[in-house]
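What follows is a short report on a single structure.
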Amino acid sequence: MARIVMKFGGTSMAGTERIRRVARIVQRQQAAGHEVAVVVSAMAGETDRLVNFCREANALYDPAEYDVVVASGEQVTSGLLAMHLQALGCKARSWLGWQVPIHTDGAHAKARIQEIDSDRLIASMRSGEIAVIPGFQGLTENNRVTTLGRGGSDTSAVAVAAAVEADRCDIYTDVDGVYTTDPRIVAKARKLSHVTYEEMLELASVGSKVLQTRSVSLAMKEGVRVQVLSSFIDDDAPAADTLPGTMIVSDEELEELEMERQLITGIAADKNEAKVTLTRVPDKPGIVATIFGPLAAASINVDMIIQNISKDKGETDVTFTLPRADLARGLAMLEARKDDIGFNRLISDSKVSKISVVGVGMRSHAGVAAMMFKALADRGINILAITTSEIKVSVLIDEDETELAVRILHTAYGLDAADEAA
Ligand code: ADP
Ligand code: ASP
Ligand code: MG
């Protein structure tokens, strides 16, 4: 017998038939003798719809009220799943974020989980009841509802798994595992049987939205075993958790499995960044701090930064990227400080895309970045900015070339699945 937390995403919960299927998957896990808690997302598209209502209500909406509105999508699906489970004869009940409670900090719309009171949940699971918990939501110390940022139900599931000391956290979604790149973009993407926490963390943070980045860092920190699986299976298929998904493992476990290491594990694309250039900035100490200090103070995360070599005039151009959603705010902030910074022009471009290649294999291999630059150059794709880490190389390119670049790199690093017909 194991204790398992199962998480179902928006597409898996989109409508009566799909929730019924989810209920059957959950019922089978319990029937196999396991203690089960389920974390659910809102129905696909519902959170977007609710966010739109907030925007229509007031462009400068109160984030605390935004949380009250957007958290409601998960309340609906958790109640419905409990009903479907009861209809199958299972003992089940919903536990809203405030009922568990799931304690978070007060950063509305991007709150962090601080603690989960797990005693009552564990008692309920032990008694054979299935605990159904809405993902994405929590409660501040002042009893206000919070949400964890888009895609946050993954993080709720991992946090619940850590709190109830589950043997595993199974993330059920609309693909049957983590692939070498988004299988909806590259048909030849290959499913990975295992991926390390570190690689998954990098992949998620550079745009592979199959798992929310924070869920991976939490799983890594708490040592939660996470598996990615498909909920789109037939009733007569083998038990869902025996189907091959992707297991997230430590570096040491991967070594023990003696799996052949690829140079690159995966490729991700991110269309959520924008590029900003300040021209003819005085090349003197303190200027970069004058540019980036206020952005940091406003919680705007700057990612790639390039400063051109100063020419003899003592001036330089500074280019950087920031989240597209923060572009207008960032530009207004820089414009307001034009005199302090002393730049000539402020230029922005939001039609850019960041393409990243990730793999622990690159630690022991030189030339990964050079291969990337050459493959893109051979197809005439211009690189606007570059950043690297120990296990990742990212380049910024024109947004229109995103899909092409991902395909080219997937082939260049030998990741394409063998042709079925071959
Ligand atoms: P859920 O609603 O279940 O949380 P998401 O839409 O958040 O599902 O995440 C699943 C999607 O992630 C897939 O449909 C797929 O298009 C996308 N995706 C992006 N990169 C990858 C990858 N490397 N492997 C698998 N899926 C990926
Ligand atoms: N429903 C939320 C969202 O769409 C949380 C989630 O599904 O993970 O972002
Ligand atoms: Mg998701």
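Looking at segment 163-183, which of the residues that are surrounded by 23 or more Cβ atoms within 10 Å (Cβ to Cβ) and within 16 Å of ligand 2 (Cβ to nearest atom) is nearest to Ser118 (Cα to Cα)?
So the residue we want is Cys169.
Within segment 24-43, identify whether any single residue is of a type outside the set (S, T, N, Q) and touching a His at 6+ places or on another chain (Cβ under 6 Å), and answer yes or no.
Scanning segment 24-43 turns up no residue that is of a type outside the set (S, T, N, Q) and touching a His at 6+ places or on another chain (Cβ under 6 Å).
Please give the number of the condition Gly10 fails out of (1) within 16 Å of ligand 3 (Cβ to nearest atom); (2) crowded, with 20+ Cβ neighbours inside 10 Å; (3) more than 20 Å from Gly138 (Cβ to Cβ).
Of (1) within 16 Å of ligand 3 (Cβ to nearest atom); (2) crowded, with 20+ Cβ neighbours inside 10 Å; (3) more than 20 Å from Gly138 (Cβ to Cβ), only one is false for Gly10: (3).
Could you check, for segment 133-143, whether at least one of its residues is assigned to a loop (DSSP other than H, G, I, E, B), within 16 Å of ligand 1 (Cβ to nearest atom), buried (at least 24 other Cβ atoms within 10 Å of the Cβ) and among the aromatic types (Phe, Trp, Tyr)?
Checked against the condition, which is being assigned to a loop (DSSP other than H, G, I, E, B), within 16 Å of ligand 1 (Cβ to nearest atom), buried (at least 24 other Cβ atoms within 10 Å of the Cβ) and among the aromatic types (Phe, Trp, Tyr), segment 133-143 yields at least one hit.
Answer with yes or no whether Ala166 is more than 12 Å from ligand 1 (Cβ to nearest atom), more than 24 Å from Glu255 (Cα to Cα) and in contact with a strand residue (DSSP E or B) (Cβ under 9 Å, 6 or more places away or on another chain).
yes
Only one of these is in contact with a helix residue (DSSP H, G or I) (Cβ under 7 Å, 6 or more places away or on another chain) and either under 30 Å from Ile408 (Cβ atoms) or among the acidic types (Asp, Glu) (or both): Leu346, Leu278, Leu263, Leu327. Name it.
Leu263
Among the listed residues Val69, Val100, Val5, Val36, identify the single one that is within 16 Å of ligand 1 (Cβ to nearest atom) and touching a helix residue (DSSP H, G or I) at 6+ places or on another chain (Cβ under 8 Å).
Val5
Among the candidates Ala375, Ala405, Ala370, Ala412, single out the residue that is among the hydrophobic types (A, V, I, L, M, F, W, C) and exposed (fewer than 13 other Cβ atoms within 10 Å of the Cβ).
Ala370
Quick one: what pairs do we get from segment 140-151, first residue closer than 11 Å to Ala109 by Cβ, second part of a loop (DSSP other than H, G, I, E, B) and near ligand 2 (Cβ under 8 Å from one of its atoms), C-beta under 7 Å, 6+ apart or different chains?
Within 7 Å, the pairs are Thr147/Phe136; Leu148/Phe136.
Can you tell me how many residues within segment 83-122 are closer than 14 Å to Arg144 by Cα and of a type in the set (Gly, Ala, Ser)?
Going through segment 83-122 one residue at a time, the tally reaches 5.
Any idea which residue in segment 144-162 is surrounded by the fewest Cβ atoms within 10 Å (Cβ to Cβ), counting only those that are away from ligand 2 (no atom under 13 Å from the Cβ) and more than 18 Å from Thr213 (Cα to Cα)?
Arg144
Could you run through segment 30-62 and say how many residues are of a type outside the set (A, V, I, L, M, F, W, C), closer than 25 Å to Ala166 by Cα and touching a residue at least 40 places away in the same chain (Cβ under 8 Å)?
3
Working only within segment 193-210, note down all residues that are in contact (Cβ under 8 Å) with a residue 60 or more places away in the chain and within 8 Å of ligand 1 (Cβ to nearest atom).
Within segment 193-210, Leu203, Gly207, Ser208 meet the criteria.
When you go through Ala111, Ala44 one by one, which is the residue that is in contact with a Ser or Thr (Cβ under 6 Å, 6 or more places away or on another chain), at pLDDT 95 or above and either surrounded by fewer than 18 Cβ atoms within 10 Å (Cβ to Cβ) or among the β-branched types (Val, Ile, Thr) (or both)?
Ala44 is the lone residue from the list that is in contact with a Ser or Thr (Cβ under 6 Å, 6 or more places away or on another chain), at pLDDT 95 or above and either surrounded by fewer than 18 Cβ atoms within 10 Å (Cβ to Cβ) or among the β-branched types (Val, Ile, Thr) (or both).
Would it be correct to say that Leu331 is modelled with pLDDT of 90 or more, within 27 Å of the chain's Cα centre (by Cα) and within 25 Å of Ala204 (Cβ to Cβ)?
no
Check every one of the strands (runs of 3 or more DSSP E) wholly within segment 315-400 and list those with 1 or more residues that are polar (S, T, N, Q), without any contact (Cβ under 8 Å) to a residue 60 or more places away in the chain and farther than 16 Å from Leu263 by Cα.
Fully inside segment 315-400 and qualifying: 315-323.
Take segment 260-290 and flag every residue that is surrounded by fewer than 20 Cβ atoms within 10 Å (Cβ to Cβ), in a strand (DSSP E or B) and among the β-branched types (Val, Ile, Thr).
Hits for segment 260-290 are Thr277, Thr279.
The values are calculated or read from the model by the stated rules, or taken from the named source; none is laboratory data. On a predicted model such as this, the values are computed, not experimentally measured, just so you know. Methodologically, a virtual Cβ is constructed for each residue, glycine included, from the backbone with ideal geometry; neighbour enumeration extends over all protein chains shown.
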